[in-house]
Amino acid sequence: MKKHLVVLTGAGMSAESGIKTFRDADGLWEGHDVMEVATPEGFAANPKLVLDFYNQRRKQLFEVEPNSAHVDLAKLEKDFTVSIITQNVDDLHERAGSSNVIHLHGELLKSRNIVDPFTLFDCKTDIHLGDTCPNGHQLRPHIVWFGEDVPMIEKAIEICETADVLLIIGTSMQVYPAAGLRHYVPENTPTYFIDPKPSMESKFNLTVVAENATIGIKKILKLLITQ
């Protein structure tokens, strides 16, 4: 039986594909205060601005491709049962060939209405004010904003509880609830952390690779295969 490899990925996984990290050093996301474009309050105050913002992010997504780290991760399915839990809202893991991906913070290519977070619609084009679901409710991006519940967190916890190996790529592990997931992995599980500025404290059975995702995963592939 294949070992269960659980992979936690963040913005650093997609940065080398040309997708900007969620928040730059100046605290802005693509020039916007995140409180304006990534909170329920921001949407209530200026829904058109928020819809336009995510329409632009969606267009950008069609202009980029998975990088070699996405591809290398997908190849690991030959040797492991792989579960990817990502904080990213892009579809680059899926495009690279990964077959089991949980999106904690939502997906740019899906929409939902403003009252029901669980009924999702495919969304490849812009969302405008006045665009509604079959029940007549305004559509919004399927993005988990600050202050909103994370619908997939319980599923993610269940996955982590069955990990044989944990791989963390391109995330500071500072944003909760995602940062807490590693605590659900069984004790002494071999853990690999790839990040150019690693911030995880030392723990037993932890291997740190201080590199970008594309370089780091190549360094760690041989170690993983020998597990």
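Laboratory data are not the source of any read-out in this text; all were calculated from the coordinates shown. Here the structure is a predicted model, which is why all the values come from computation and not from measurement. Don't worry about glycine lacking a Cβ; one is built from the backbone with ideal geometry, like all the others, and counts go over all protein chains shown.
For the peptides 88-99, 146-157, 40-51, 61-72, residues were scored by their other Cβ atoms within 10 Å and the scores averaged per peptide; the highest-first order is 88-99, 61-72, 40-51, 146-157. Excluding same-chain neighbours fewer than eight residues apart, the lysines reachable from Lys3 by a Cα-Cα span under 26 Å are Lys75, Lys78, Lys155, Lys203, Lys218, Lys219, Lys222. Take the Cβ atoms of Ile157 and Asp79, set R0 to 25 Å, and the FRET efficiency comes out at 0.50. Between His137 and Ser99, the FRET efficiency estimated from the beta carbon spacing at R0 = 41 angstrom works out to 0.80.
A simple spin-label model places pseudo-atoms 7 Å from Cα toward Cβ; at Thr119 and Lys3 they are separated by 4.4 nm.
Given a Förster distance of 41 Å, report the FRET efficiency between Glu148 and Lys222 from their Cβ-Cβ distance, rounded to the nearest 0.05. Given R0 = 41 Å and the Cβ-Cβ separation, E is 0.55. Extension gain for the segment Ala45 to Asn205, taken as residue separation times 0.36 nm less the Cα-Cα distance, is 52.8 nm to one decimal. Note on Lys197: aspartates and glutamates with a C-alpha under 17 Å away, same-chain residues under 8 apart excluded, are Glu16, Asp24, Glu211.
Relative to its residue count, the chain spans a Cα convex hull of 121 Å³ per residue.
Separation of the range 35-63 and the range 155-227 by C-alpha centroid, Å? The range 35-63 and the range 155-227 have Cα centres spaced 31 Å from each other. Spin-label model, His183 to Val64: label points 7 Å out along the Cα-to-beta-carbon direction sit 3.0 nm apart.
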